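Inspection log for the structure reproduced underneath, given as structure tokens.
The values are calculated or read from the model by the stated rules, or taken from the named source; none is laboratory data. Fair warning: this is a prediction, and the values are worked out from it, not measured in the lab. So basically every Cβ, Gly included, is an ideal-geometry build from the backbone, and we count neighbours across all protein chains shown.
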Amino acid sequence: MNLFKDIEHLIRLAVVIVVLLLVFVVLRVAVVPHSFGEYGHYRGDAIQEVAARPISFAGHAVCEDCHTDVVDQKKLGKHVVVSCEACHGAQARHVEDPGSVKPAKLDTAILCARCHEANSAKPKGFPQVATADHSAGLACDTCHQPHRPKIETAAKNEAGGRK
Amino acid sequence: MQIPVEGFMYPNEVELQWSVLIVLYPFITGLVAGAFILASLERVFRVQAVKPTYRLALLTALSFLLVAPLPLQLHLGHPERSLEMYLTPHRSSAMAMFGFVYLWYLMAVLLLEIWLDYRHDIVARSQSEKGWKRLVYRLLTFGSSNVSERALRIDERLGYFITLVGIPSAFLLHGYVGFIFGSVKANPWWSSPLMPIVFVFSAMVSGIAAVMLLYMLSTRLRGQQIDIRCVDKIAQYLLYTFVIDFSLEMLDLIQRIYEADESFRSLDFMVHTRLWKSQVIIQILLGTVTPIALLGLTQVVKLTETARKRIYGLAGCLTVIGIFAMRWNVVIGGQLFSKSFLGYTTYKMAFATREGLLIAIGLMILPFGILWVLVKLLPPWPDSGSLPASGAPAHGTS
């Protein structure tokens, strides 16, 4: 009995700790979303919420259904592996209403440089140019056909282009 | 603002993501761990000479621990999300483990040890104080005013056990901070298994130096005599720990020089240019070699008390500056070079922004403000440590 009296303060401390733990548990139940951890370390409901958002990208297969001429051009060059919307942007709305929603005209002087601007971190075999020296601000599609960008040797000699 | 870049940097490397606040975080947690380890010297290893600093070391550790997460909060923004760290624990994230390491150290070690050590004083003050102070002390007693000899003996034993658990916990707290950097395998400046160990020893160095300085300063401010036996002993421990810390850092350096992997030339160039002042001059020469030499001098030459005190003061200040420079060189230095090893960027510290100099200074002053309040509430001085409580024997500081 005497021992109980001498450890009374520790028992009170233990009660305080238990109360704090209970507050933690209650707070956790109240604050953590119910679907948290359903599939992984995130809110399970987030999947449905993301799925419910409007689709922006149509996918290159849909583009190719109509633009067969472009597909034929792309097949002849290295850009065959580049998806249409990588350059033209999300086009789901254009697919839904091709008549009134038209893809924006692209400025190739800026667009092409995104991938092809010279940078020592890029692999050596990847085509790259210092645009300021190469074209001096001129739009790339002045000389290159974006869907099949390689200039044939005869045409290149004629244009005097340099890499 | 144009950031000066030399050579080639990847686009995401030009601007530093971890600012001066992330320098403060390991610096502050280091002071916590170091101060606690100094306190444990008296409690566990029975080093009676350092007894006058025991309670001050505990309160210093608590003041700095309360501020330790603030630099992270300010850096991340969204303080309202900080609770999520505790509510949705995630064992696979090293960063998310901080919540557990921090809470364990704060709640299970530091607060418990301080409460048990001060309980006798708290009970006495709950009976002698008036007004709101009385209420605060009464709340801190949890409604039990039993300070019988047996109850205090139980507290003492429990406190000893908590300190025993506390020593590895202090190592864990700061070792964890070192681990955060040491485990970033993409960064050769950080990636080293020695990093947690170096962090622990540098933490001990900075914490011991900080408590020594605080003890000397507070004793002078109170118009009391500095216990020279106490500071002699602390300085001796500071020297020993510093020698181990410096040896470990040199071992790491020698290994890097001998190994000379693909990152070496780039890092070597960085140390000789951008980090020359902060690493070689401030950290190594001023902040490590000079205090070790000064402290070593007091061990081999017989000096007067006044000379020794001055040397300890100077060595302590240089040590704290040196450890801060070490944190700076780790955090900022690790972001100055490109992972391509072909270029270097520059860190420009803002002034009055969320992660600027002004906030950093404020965060460094804040623990001293908290310490002042704690010292007023729970005086750590040996001469005011024990108030007589009814039916209780006089109780020392241990």
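Selection of the range A:1-53 for residues being surrounded by 10 or more Cβ atoms within 10 Å (Cβ to Cβ), of a type outside the set (A, V, I, L, M) and either facing chain B (nearest Cβ under 7 Å) or under 30 Å from B:VAL147 (Cα atoms) (or both) yields A:LYS5, A:ASP6, A:GLU8, A:HIS9, A:ARG12, A:ARG28, A:PHE36, A:HIS41.
What helices (runs of 4 or more DSSP H) lie completely within the range A:16-107 and have 2 or more residues being closer than 30 Å to B:SER82 by Cβ?
Details: elements: A:45-51, A:60-66, A:68-75, A:84-88, A:92-96.
Ranges flagged: A:45-51.
For the range A:121-149, how many residues meet the condition of being basic (Lys, Arg) and at pLDDT 90 or above?
The qualifying residues number 1.
Restricting B:TYR240, B:TYR176 to residues that are assigned to a helix (DSSP H, G or I) and over 22 Å from B:ILE22 (Cβ atoms) narrows the list to B:TYR240.
Checking every residue in the range B:376-391 against the condition of being closer than 19 Å to B:ILE22 by Cβ and either crowded, with 21+ Cβ neighbours inside 10 Å or modelled with pLDDT under 90 (or both) gives zero matches.
The residues of the range B:355-371 that are over 22 Å from B:GLY207 (Cα atoms) and in contact with a Phe, Trp or Tyr (Cβ under 8 Å, 6 or more places away or on another chain), listed by number, are B:LEU357, B:LEU358. Counting only helices (runs of 4 or more DSSP H) that fall entirely inside the range B:49-154 and contain at least 3 residues that are away from chain A (no Cβ under 14 Å), the qualifying elements are B:54-67, B:69-76, B:98-103, B:112-128, B:131-140. The single condition among (1) more than 14 Å from chain B (Cβ to nearest Cβ); (2) under 20 Å from the mean Cα position of the chain (by Cα); (3) surrounded by 13 or more Cβ atoms within 10 Å (Cβ to Cβ) that A:SER56 does not meet is (3). Residues that are out of contact with any helix residue (DSSP H, G or I) (no Cβ under 7 Å at 6 or more places or on another chain) and in contact (Cβ under 8 Å) with a residue 60 or more places away in the chain do occur in the range B:103-119, at least one of them.
Residue by residue, here is whether (1) within 19 Å of B:SER19 (Cα to Cα); (2) among the small types (Gly, Ala, Ser); (3) free of Cβ contacts under 8 Å to residues at least 12 places away in the same chain holds:
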residue	(1), (2), (3)
B:LEU294	no, no, no
B:THR304	no, no, yes
B:GLY333	yes, yes, no
B:LYS339	yes, no, no
B:LEU357	yes, no, no
B:GLY362	yes, yes, yes
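Residues that are charged (D, E, K, R) and closer than 16 Å to B:LEU214 by Cα were ranked within the range B:41-70; the one that is surrounded by the most Cβ atoms within 10 Å (Cβ to Cβ) is B:ARG55. (1) touching a residue at least 24 places away in the same chain (Cβ under 8 Å); (2) away from chain A (no Cβ under 14 Å): which one isn't true of B:MET9, the others all being true? Failed condition: (2).
Consider the range A:94-121 and keep the residues that are in contact (Cβ under 8 Å) with a residue 12 or more places away in the chain and within 18 Å of A:ASP65 (Cα to Cα). The one that is nearest to the other protein chains (Cβ to nearest Cβ) is A:PRO103.
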